[in-house]
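What follows is a short report on a single structure.
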């Protein structure tokens, strides 16, 4: 029994307890005799009384409120799998013969009830009409639920079990519309921002591309724009209800926020929605974890993930994972949380030591290249700008390249030979992205250190992208954060074959001092090769007399 039971007499408490042992025919919302018993008891106590009824007809819980409302306790997340109704219906009394309230409808949505019903109690304490609503498998006229016509309790015209089975079947049909591979996550993208609609949409497009790169099927997207942000959930109550409905209708098991979430927000959203919740940073880290192939890359990604995870461990964990024992042991021991944190810090320390070794090895290889007297060119740019493709075309190599974000994680160096016979070393680097996670930049410091020793940075830009200027700005911002803003740079516009207006492109290249290329077309590369050789001329050894 849950709710306001203080002050109730022994007789009322016993009658409430007896409700647990009652049963409802599976085809009825509530039986006539049970409706009568609940209405009379509610009338005598002047308090709302509610029942949570399972599909089997058994009573799962009895709820007691005050004369205006009823409080539903926290329900087990194990009841009803994600993407399905909970398998419970809530039937409660209304003492003023009012219909379902907005709070009732919100509880229907947030708790994924099979049905929410309010039983009118008349002036003599008898049951009158039943107001009911259920969630819809898809929105109709902008509404995510349907209000049924008021009907007498146990009205035979409505077969409750048949209704629920039909709803579940329709939910399943709606979920099947989005084709996904076995085991593939379905996600809803969420943004809470004050930026312009165009900027938010562009950011969400990039988030969708990130999700696709991670192998996640995007089922929907929800945007909330406003000045005030709910510190606990980020979203307002209305958007939260919309998100719950969309998740249920689409069979979603994952929410991806375009904004960084703090640990308490992740926990609140996860517990409230009963869905997995990640933010943009975690998604990027996941992609890097999938792409890392070399030992160095795996070390760097793991360290970034652990540093991200450390402050996000649960702040409360009363379970003791181990106790210190034996002679000289003092104190109660360590909680599991403390042990987890200690282990993560120890692991980070070991990884940092390994990265120092990696940095030393890179330094030794760099010294060998410097002694060889070859100039070094590093290609930098936004993710999916075509850096690996350009490296392959310039050096006739077979470095892995793909048309998705962060296709390259482990940097590759190849020898570039010019028509004159001169040579240089050209290096492909990991792609940048807006708001690249700081832990990731720090973890990849050994790799990004290579940029510091380059003679020339080739800033490659996907000129076919409508947001290319913002991408250029993001790359420049990251280079400045790495103290590389003043490095010699050559601006190159890639994917010119995808740009329709050639004259505008020529004017843009002239204004920006950029060289246009199509990395897929080697015939477009001679101007770039000439510019590279010219910019590196001071680094080439003098030709023999």
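When the test is whether a residue is crowded, with 16+ Cβ neighbours inside 10 Å and at pLDDT 90 or above, residue 193 does not pass it. With respect to the stated conditions, residue 539 fails to be touching a strand residue (DSSP E or B) at 6+ places or on another chain (Cβ under 6 Å), at pLDDT below 95 and closer than 24 Å to residue 412 by Cβ. The C-beta contact set for region 103-117 (first residue farther than 12 Å from residue 135 by Cβ, second residue part of a loop (DSSP other than H, G, I, E, B), distance under 6 angstrom, 6+ apart or interchain) comprises 117/29.
Of the numbered criteria (1) more than 24 Å from residue 290 (Cβ to Cβ); (2) not in a helix (DSSP H, G or I), the one residue 255 fails is (1). In region 35-68, the residue that is surrounded by the fewest Cβ atoms within 10 Å (Cβ to Cβ) out of those that are free of Cβ contacts under 8 Å to residues at least 60 places away in the same chain and part of a helix (DSSP H, G or I) is 37.
Pairs please, first residue from region 164-176 and touching a residue at least 60 places away in the same chain (Cβ under 8 Å), second anywhere and assigned to a helix (DSSP H, G or I), Cβ atoms under 9 Å, 6+ apart in sequence or on different chains. Every condition considered, the pairs that remain are 171/248; 171/249; 174/249; 174/250; 175/249; 175/250. Looking only at region 105-127, residues that are crowded, with 24+ Cβ neighbours inside 10 Å and either out of contact with any strand residue (DSSP E or B) (no Cβ under 9 Å at 6 or more places or on another chain) or assigned to a helix (DSSP H, G or I) (or both) come to 1 in all. Only residues that are within 25 Å of residue 93 (Cβ to Cβ) and loosely packed, with under 12 Cβ neighbours inside 10 Å were counted across region 144-173, and they come to 3.
Inside region 2-19, residues that are exposed (fewer than 14 other Cβ atoms within 10 Å of the Cβ) and within 47 Å of the chain's Cα centre (by Cα) make up a count of 5. Applying the selection to region 133-154, what residues are without any contact (Cβ under 8 Å) to a residue 40 or more places away in the chain, part of a strand (DSSP E or B) and within 23 Å of residue 97 (Cα to Cα)? 133, 134, 146, 151, listed by residue number. Checking the structure you have, find out if any residue of region 3-20 is touching a strand residue (DSSP E or B) at 6+ places or on another chain (Cβ under 8 Å), on the phi > 0 side of the Ramachandran plot and in contact (Cβ under 8 Å) with a residue 40 or more places away in the chain. Yes: one or more hits. Condition check for residue 406 on (1) within 29 Å of the chain's Cα centre (by Cα); (2) surrounded by 15 or more Cβ atoms within 10 Å (Cβ to Cβ); (3) modelled with pLDDT of 90 or more: one failure, at (3). Determine whether residue 130 is under 17 Å from residue 48 (Cα atoms), touching a residue at least 12 places away in the same chain (Cβ under 8 Å) and surrounded by 14 or more Cβ atoms within 10 Å (Cβ to Cβ). When the stated conditions are applied, residue 130 passes them. Counting only strands (runs of 3 or more DSSP E) that fall entirely inside region 419-518 and contain at least 2 residues that are within 33 Å of the chain's Cα centre (by Cα) and farther than 22 Å from residue 539 by Cβ, the qualifying elements are 456-462, 489-494.
Of the residues examined, residue 277 is one that is modelled with pLDDT of 85 or more and part of a strand (DSSP E or B). For the structure I just gave you, tell me whether residue 84 is part of a loop (DSSP other than H, G, I, E, B), more than 30 Å from residue 44 (Cα to Cα), in contact (Cβ under 8 Å) with a residue 60 or more places away in the chain and out of contact with any strand residue (DSSP E or B) (no Cβ under 9 Å at 6 or more places or on another chain). Yes: the conditions hold for residue 84.
Can you find a residue that is surrounded by 15 or more Cβ atoms within 10 Å (Cβ to Cβ) and over 21 Å from residue 378 (Cβ atoms) anywhere in region 529-544? No, region 529-544 has no match at all. Please determine whether any residue of region 99-110 is assigned by TED's automatic domain parsing to the domain that holds residue 145 and at pLDDT below 90. Yes - at least one qualifying residue is present in region 99-110. If you go through region 519-528 and pick out every residue that is in contact (Cβ under 8 Å) with a residue 12 or more places away in the chain, surrounded by fewer than 17 Cβ atoms within 10 Å (Cβ to Cβ) and either at positive phi or assigned to a helix (DSSP H, G or I) (or both), you end up with 2. Of all residues in region 112-141, which are within 15 Å of residue 240 (Cα to Cα) and modelled with pLDDT under 90? Matches in region 112-141: none. Within this structure, residue 513 passes the test of being free of Cβ contacts under 8 Å to residues at least 24 places away in the same chain, exposed (fewer than 13 other Cβ atoms within 10 Å of the Cβ) and in contact with a strand residue (DSSP E or B) (Cβ under 8 Å, 6 or more places away or on another chain). Could you tell me whether any residue of region 156-177 is assigned by TED's automatic domain parsing to the domain that holds residue 34, in contact with a helix residue (DSSP H, G or I) (Cβ under 6 Å, 6 or more places away or on another chain) and not in a helix (DSSP H, G or I)? No, every residue in region 156-177 fails to be assigned by TED's automatic domain parsing to the domain that holds residue 34, in contact with a helix residue (DSSP H, G or I) (Cβ under 6 Å, 6 or more places away or on another chain) and not in a helix (DSSP H, G or I).
The values are calculated or read from the model by the stated rules, or taken from the named source; none is laboratory data. Model, not experiment: these values are computed from the prediction. For neighbour counting, all protein chains shown are included, and Cβ atoms are generated from backbone atoms with ideal geometry for every residue, glycine included.
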